[in-house]
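Below is one structure, written out as structure tokens, with a few remarks after it.
The values are calculated or read from the model by the stated rules, or taken from the named source; none is laboratory data. As the structure is a computational prediction, the values presented were derived from the model and not from experiment. All Cβ positions, glycine included, derive from the backbone under ideal geometry; neighbour counts span all protein chains shown. Surface accessibility is based on the protein's heavy atoms, side chains included, excluding ligands, DNA and RNA. Shrake-Rupley method; radii C 1.70, N 1.55, O 1.52, S 1.80 Å.
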Amino acid sequence: MRLPIRFGPLPDEAFHQFMYRLAASNAYQTTQSIAALAGMPRGYALQPCDLGPLAALLGGMADAADLIARARWPVCEGSQFVRMGGNVVAARMVNVVRAKICPQCIRETGLDRAIWDLSLYVACSKHGTVLVDECSSCGHRLSWHRNAVDRCGCGCGKILLMEPARASQKVIAVMSELERRYASSTPEQDTDLGIELNAALELLWFTGTHDRNEPGWRSRFMSKPDIATSLRAIERSGDVLLHWPHGLHTWLEEHRVPSAEHVGIHADFGPVLTRMRHVIDIADPMHVFDEVRSYIANHGPVKPCSFFFSRQAKSRTVGAHAARRLGVTNATVKRMVRDGHLSGQCRRGGNRHFTAVDPQAIELAMARRASSIGVADLADQLGVSRYQVGKLRRSGLLCPLPAYVGRRECRFDRDAADMLEGQFRKAAKIAEISHVDTALKAIATKRQRQLAGLVKLVLEGTIPVQVIDGDQPLFERVFVPSNAVTWITALDVRSAAAKLKVSVRMIPVLVEAGCLSATRTQRNIIAQRSVDACSVAQFGDRYVLTGEVAARRKTSTRMALAELRAAKVKPVITSNSAAGISAVWRREDLQKTGVLGEA
């Protein structure tokens, strides 16, 4: 037996759509009539069966293998994927419950399109209108078993008279992207697509329906959506596909909520990544999850045992590994990141501190470290001890690299000694040259002498200096007068107090106010035997104690303070009798007011 009217399927026509045309052309009420003649089951569109009898009914106008390729059957037994043209998509992405059409396309061509079977294809990119899935006259939804493409289940034939709603620009753009992937004959090799059709559908549906704050999102994700639900999902997730891969990164950033108590992927993203993995893992894990791994790698280290770890991704490195690479402590790495010397991130999770560093920043820091020298090398270039280098650094005469300043290590520029020599040569041209016979290295070996104070006076031009050429360390080639050594004798706190005739507790106050010079330790206390004798000797020329004013005025200190307050003279140090602190005044301020009786 053969059908009276026989023809083959059109290029862009699915098997069940071909059955529409075949039933309508031969005046059958439904497609089930032809299915019964060919011995096919009712679910022939999704259930594999023998299409040889149907090919015989067509009299050779259609090949059974071609019809099988157009059917929405599993690609193999037990598979959850079906074939659509040159693509393989998940069966759940094909809507077998609600058929959809574009009335304007059918009025123009009279044909159905295979891509309309996709669950998320909800608008016609050609006409810019939303597809129709039910009849506005009788209210019946369109079925795959209707007898014609332009008729609903009741046969009223009014679906072509419907005026569909307009779709938004974002929805139309997403439909165009889906069509581009559907039309690709080799989607797995087309790099311009970014991700192939099935991965795009899975990603759109998951990102459009997922809501970490709504427990009911899972039911919405598992259901077969109608057009309205699909439109809302595409409006939410359209940018993920349109701006691939940056759209996916933006979506992940919106769902990233760092925890204040814990550190890690699950603490930042919650169950989002685990859910995404289970949804998309069977579809196309390579392209999608490579981008997910790339994003996560830029927001914290990932354990090698994690599914989201990738050796190709430029993941951040934990602070301990960065410390080993740089040869510093973990605390130094944290400080370098906090101060902006290393690109990375510092976070606090509960009682723990979490530091992540970019690998490129580590390489740059290692390059800077390779071009610098340590304290020992700089001490050899200067011809002094490492202790003296530390004192010169704390006095501001040597500037270390800001990224490498710590208790265990300081790093300096390779040209630090040359730069200091340049400053000495500049001072030698300014100062008057007299008899110079004492090298700075000789002064550096005496603990009671302040090398840093002498270098400051030399650079200021107060002490003449001479620099000779040679290969010796710098301080062996820099000479000062022998009598200049007495200028920089270092005193302890008691000796300085005895020379100034003040109490011992006054010395730290004078140093804090800048009236005396002294070296401080890392804990900001005055070091032993570090008070500059020169500043002690010059104290009387610059400052006046209240007791001296009272002696000059032949009155008590209380009356002297009252007179100075009346003259509106501002003290350098305010009097505090309870703490045993005497007021200190600038001599030039008192001379201007005539309090001392000097011109």
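The table below gives the values:
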{"quantity": "For the stretch 529-546, 3J(HN,Hα) per residue [Karplus equation, 6.51 cos²θ - 1.76 cosθ + 1.60, θ = phi - 60°, Hz, x = Gly/Pro]", "calculated": "6, 10, 7, 5, 5, 5, 5, 5, 5, 8, 4, x, 7, 10, 10, 9, 8, 4"}
{"quantity": "Residue-normalised accessible area of the stretch 15-169, given per residue in Å² at a 1.4 Å probe", "calculated": "41"}
{"quantity": "FRET efficiency, HIS278 to ALA64 (Cβ-Cβ, R0 60 Å, nearest 0.05)", "calculated": "0.95"}
{"quantity": "At R0 = 45 Å, FRET efficiency that the Cβ-Cβ distance of THR555 and SER482 yields, to 0.05", "calculated": "0.50"}
{"quantity": "Spin-label pair ASN524/ARG425, simplified geometry with 7 Å Cα→Cβ offset, distance in nm", "calculated": "4.0"}
{"quantity": "Theoretical FRET efficiency, 1/(1+(r/R0)^6), r = Cβ-Cβ of SER143 and ARG180, R0 30 Å, to 0.05", "calculated": "0.55"}
{"quantity": "The stretch 501-592 - accessible surface per residue (Å², probe 1.4 Å)", "calculated": "60"}
{"quantity": "Amide H contacts under 5 Å for ALA167, placed H, 5+ residues apart", "calculated": "THR129, VAL130"}
{"quantity": "HN-Hα J in Hz across the stretch 569-576 - Karplus 6.51, -1.76, 1.60, θ = phi - 60°, x for Gly and Pro", "calculated": "8, 8, x, 6, 10, 7, 5, 9"}
{"quantity": "Span per principal axis, largest first, for the Cα atoms of the stretch 1-69 (Å)", "calculated": "25, 24, 22"}
{"quantity": "In sequence order, calculated HN-Hα J values of the stretch 61-76 (Karplus, 6.51, -1.76, 1.60; Hz; x Gly/Pro)", "calculated": "6, 9, 8, 4, 5, 5, 5, 5, 5, 8, 6, 8, 8, x, 5, 7"}
{"quantity": "Amide H partners (placed H, <5 Å) of ARG520, local residues excluded", "calculated": "ALA527"}
{"quantity": "Residue list for the stretch 40-79, given a label point 7 angstrom along the Cα-to-Cβ vector of ARG2 and an amide N cut-off under 18 Å", "calculated": "52-64"}
{"quantity": "Candidate residues GLU512, GLU196: accessible-area rank, largest first, probe 1.4 Å", "calculated": "GLU512, GLU196"}
{"quantity": "Sulfur and carbon atoms: percent of accessible area, the stretch 15-169 [1.4 Å]", "calculated": "51"}
{"quantity": "Potential extension, HIS353-ALA537 segment - 0.36 nm per residue separation minus Cα distance", "calculated": "61.2 nm"}
{"quantity": "Trypsin sites (Lys or Arg not before Pro) lying in DSSP loop within the stretch 10-91, provided at most 14 other Cβ fall within 10 Å", "calculated": "ARG42"}
{"quantity": "The stretch 505-599 - Rg and Dmax from Cα coordinates, angstrom", "calculated": "14.5, 45"}
